[in-house]
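Inspection log for the structure reproduced underneath, given as structure tokens.
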Amino acid sequence: MSDLPEKISSHKYHDGIFGALHEQDEEVYQLITREYERLCSSIQLIAAENQCSRAVLAALGSIVQNKTTEGFPGARYHGGCEIVDDVERLAVSRAKEAFGAQYANVQPHSGTCANHIVLTALLESGDKVLSLGLDQGGHLSHGAKVSFSGKFFNVQNYYVDEETFLLDYSAVRDKAIAFRPKLIICGASAYSRVIDFQKFRQIADEARAYLLADISHIAGLVIAGAHPSPIDHAHFTTTSTYKPGGPRGGLILMGRDRDTRIAVSGNKIALSQLIQKTTFPGMQGTPYLNNVAAKAVFFRETLSDKYKTRQFKIIENAKRLANAMLTLGYDVVTGGTDNHMALINVANLQDGMTGITAQKCLEDCGIIVNKNRLPYDKKGAALASGIRLGTPIVTRNQMGTEQMDTVAALIDTVLRNAKVTANTEYEIDASIRDGIRDKVRQLCEKFPSH
Ligand code: DSN
């Protein structure tokens, strides 16, 4: 077996894999190259993005992707699964170790799929769900009307406080007691403060509800201990695996409730078993086994000091970026951040300014952010009043607090010089734009994408 690596590297699917793409499909090759160039010449501040390692990319591009098999290790519907069974077992055991969980399901195709699996496992059509509204920082898959998760269930929302924009746990409790949901969902895509999972569980217990914690945005921080873990508080914890820096995909975790039993069609079944059955055959077919292999690679990376230290730096950078924006006179929602993101109000900068206009003119200058609604935003999702700034990628590229001051100053120069013309259109002086682009390029050259 000692010559196996050489054999693999000379295997037709691995030998010069990118060269093979170049040879066969110039068009796609050029598009991927352009995307790489875009990454190298612009600052990435999307809070929901990260960059995985080359080892994760290698596993994603491996021949494991070709294996068809339904079911779980040791109980598959196709032959030839001995090795992919080991791949999945390894991913499961590393996921449990990374998160301190007792159960891990590595098959969900995405974070949204993971949430849909939990909802489908627990709920019948018309059952009640209580979650943070999408317009308050929640997520589409937490019961938004336009999503599958909002289509078949009776969903009500809890809100952040109207003045502080912080979660108001006593209001959540009152709503839960009055509404009596079967499931409470916590976790957010645009909330920059610590989430108290223990309080959520107390509320769920009092309301006799199950608790789902979606930690997609903060999963890396949770692994590193930079944010409290929900694993033993929530019945179910879900996350996407790319936001903390792994491959695209989803994950379902459980702690002390792994063996808690629930009655389904007159039979008692452990919650973890219910999740297994709902994943397959309930919701998915063959798992993406290349993706499962890449998840295994990523989960091992998260055990390193390097990964854990980076999570604390992500927060340090986000705090510095938020503070720099405050110093420059911006309205930062909740006055700062405890995690990897900050929400900035841009609507008060000038008449007609919206999140989408800010996003577009920043992109024009090489700074990539996304528009985001602020709590109680009167503008719709398409316009929004704010932008969301995230620090996972800039931190991965070794930027530190000094660079966060520079980034804030660049954002400020763009936003102060952009003149809103009509709707979502704007004008910016070409020399100012080119000057910013140059500065962005210089910063990217010093702190390159890996
Ligand atoms: N959840 C979306 C976001 O936060 O932008 C991406 O999946």
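The values are calculated or read from the model by the stated rules, or taken from the named source; none is laboratory data. The shown structure was predicted, so the numbers you read here are calculated from the model rather than taken from an experiment. Here the Cβ positions follow ideal geometry from the backbone for every residue, glycine too, while neighbour counts run over all protein chains shown.
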Looking only at the stretch 26-55, and only at residues there that are among the hydrophobic types (A, V, I, L, M, F, W, C) and within 24 Å of Ser216 (Cα to Cα), the one that is farthest from the ligand (Cβ to nearest atom): Ala55
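Have a look at Arg193, Arg208, Arg201, Arg180 and point out the one that is within 21 Å of the chain's Cα centre (by Cα), at pLDDT 95 or above and among the basic types (Lys, Arg).
Values: Arg208 fails: within 21 Å of the chain's Cα centre (by Cα); Arg201 fails: within 21 Å of the chain's Cα centre (by Cα); Arg180 fails: within 21 Å of the chain's Cα centre (by Cα).
Going through Arg193, Arg208, Arg201, Arg180 in turn, the sole match is Arg193.
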Long-range neighbours under 6 Å by Cβ, at least six apart or interchain, first residue surrounded by 24 or more Cβ atoms within 10 Å (Cβ to Cβ) within the stretch 129-144, second assigned to a loop (DSSP other than H, G, I, E, B) and at pLDDT below 95: Val129/Gly143; Ser131/Gly138; Ser131/Gly143; Leu132/Gly138; Ser141/Ser147
Leading residue by the ranking (nearest to Arg193 (Cα to Cα)) among those in the stretch 357-376 that are surrounded by fewer than 19 Cβ atoms within 10 Å (Cβ to Cβ) and more than 13 Å from the ligand (Cβ to nearest atom): Tyr376
When residues of the stretch 85-125 are limited to those that are within 16 Å of the ligand (Cβ to nearest atom) and among the hydroxyl-bearing types (Ser, Thr, Tyr), the one surrounded by the most Cβ atoms within 10 Å (Cβ to Cβ): Thr112
Matching residues in the stretch 177-192 - criterion: being within 16 Å of the ligand (Cβ to nearest atom) and assigned to a loop (DSSP other than H, G, I, E, B): Gly187, Ala188, Ser189, Ala190, Tyr191, Ser192
Selection from the stretch 61-84 of residues that are part of a helix (DSSP H, G or I) and buried (at least 18 other Cβ atoms within 10 Å of the Cβ): Val64, Val84
Any hit, the stretch 257-269, residues being assigned to a strand (DSSP E or B) and surrounded by 15 or more Cβ atoms within 10 Å (Cβ to Cβ): yes
Condition broken by Ala430, with the remaining ones in (1) over 19 Å from His340 (Cα atoms); (2) among the hydrophobic types (A, V, I, L, M, F, W, C); (3) surrounded by 22 or more Cβ atoms within 10 Å (Cβ to Cβ) satisfied: (3)
